[in-house]
Each structure stands twice: as C-alpha cells, then as structure tokens.
Amino acid sequence: VYKRQEVMYPALSNTLDRSSFFNSWQSRNSREDLQRRINQYYPIGKLIDIKPVKRGDSRRVIELDIIGQEGQVTVKGLRIRRVLGLKETLFVIDREYDGEGGITNFIFTGRGWGHGVGLCQVGAYGMAQSGADYVEILKKYYHNIKIAKIY
C-alpha cells in the first residue's frame, strides 16, 4: 500500500532554478537501510517512524522526531540532512506499507541541494541567463545591502 502526499509549487514564481537538475529530487529508502544509517548516530533500535515536527519560514524541516523500538530522538537543523543522507531539508515523507501495516520504505521528495541560506547558485545563474546583472542578483538574495567600490 502506498500513500502519497503531493507538494505543489506555484506555476508563476520567482524560482529561477526550476529547470535545474538540482531543483527537485526523490530518495526511496528501505526501512532497514535507513535504520542502519540512523543507528550510526543514535541508538534507536528498530526504526518505527520518522516525523517532521517543526518547519522554518522557508518550509524546511528544522526539527524531526525519529522513533525507534529502543528510543526516540529529536534531530535539529542541518544535522537532519546528515543523519537521513538527504540533499536538503525541504522535503515531505511518503511511506510504503506491507500487508500488516508496517512501514517497508520511506520516500523523501524534496527541492534544492544546500542549506537554504544565502545565494542559490543555480537561481543566480538563472537570473543571469534572464539578463540580470550582478547588482540585481545580489540584491535578490541579500536584502538591504549597499554595493559600493571601497578601493
């Protein structure tokens, strides 16, 4: 049994990395593989579930509960990426179940490939291709800045 959760992105947005390979991604992990990975960081035993607890203003997961038979842990910030082996923390989780209702696979569907702070190289490249100069690009990503020659 497969339960799907859709993530919809607006058709008209200022996202200029839409055509990039790095824009969206999906990672399908068996419960056992993910369990092995997580247990390298936290002794949770058999993996029961993974639940995003809190998202930041950018909708990235900033707090995640990992529930195991031998314990539960809350993982925060960029460490989430490392523990789960993901490219980004802007993701949703789908699950595949066996006939008895146990989770067999976790499917992470996400956007981006980085930390979500500062200048997106792919987005800046998209702006440059659209004719933006360096001043427009910098002001897009860094608000209230002043660009001046200092020498």
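Structure notes:
- Residues of the stretch 49-63 that are touching a residue at least 24 places away in the same chain (Cβ under 8 Å) and among the aliphatic types (A, V, I, L, M): Ile50, Val61, Ile62.
- Scanning the stretch 120-151 for residues that are among the polar types (S, T, N, Q) and either open to solvent by less than 50 Å² (accessible area, probe 1.4 Å) or under 18 Å from Ser58 (Cβ atoms) (or both) yields a count of 1.
- Ile66 vs. criteria part of a helix (DSSP H, G or I) and not small (Gly, Ala, Ser): no
- Condition met for Ile66 (at pLDDT 95 or above, touching a Phe, Trp or Tyr at 6+ places or on another chain (Cβ under 9 Å) and crowded, with 17+ Cβ neighbours inside 10 Å): yes
Matching residues to (1) over 20 Å from Asp33 (Cα atoms); (2) touching a His at 6+ places or on another chain (Cβ under 7 Å); (3) of a type in the set (S, T, N, Q):
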position	(1), (2), (3)
Ile50	no, no, no
Ser58	yes, no, yes
Thr74	no, no, yes
Ile107	no, no, no
Gly112	yes, no, no
Gly126	yes, no, no
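The values are calculated or read from the model by the stated rules, or taken from the named source; none is laboratory data. All values derive from a computational prediction rather than experimental measurement. Backbone-built Cβ (ideal geometry, glycine too); neighbour counts: all protein chains shown. Just the protein is used for accessible areas: all its heavy atoms, side chains included, with ligands, DNA and RNA removed. Shrake-Rupley method; radii C 1.70, N 1.55, O 1.52, S 1.80 Å.
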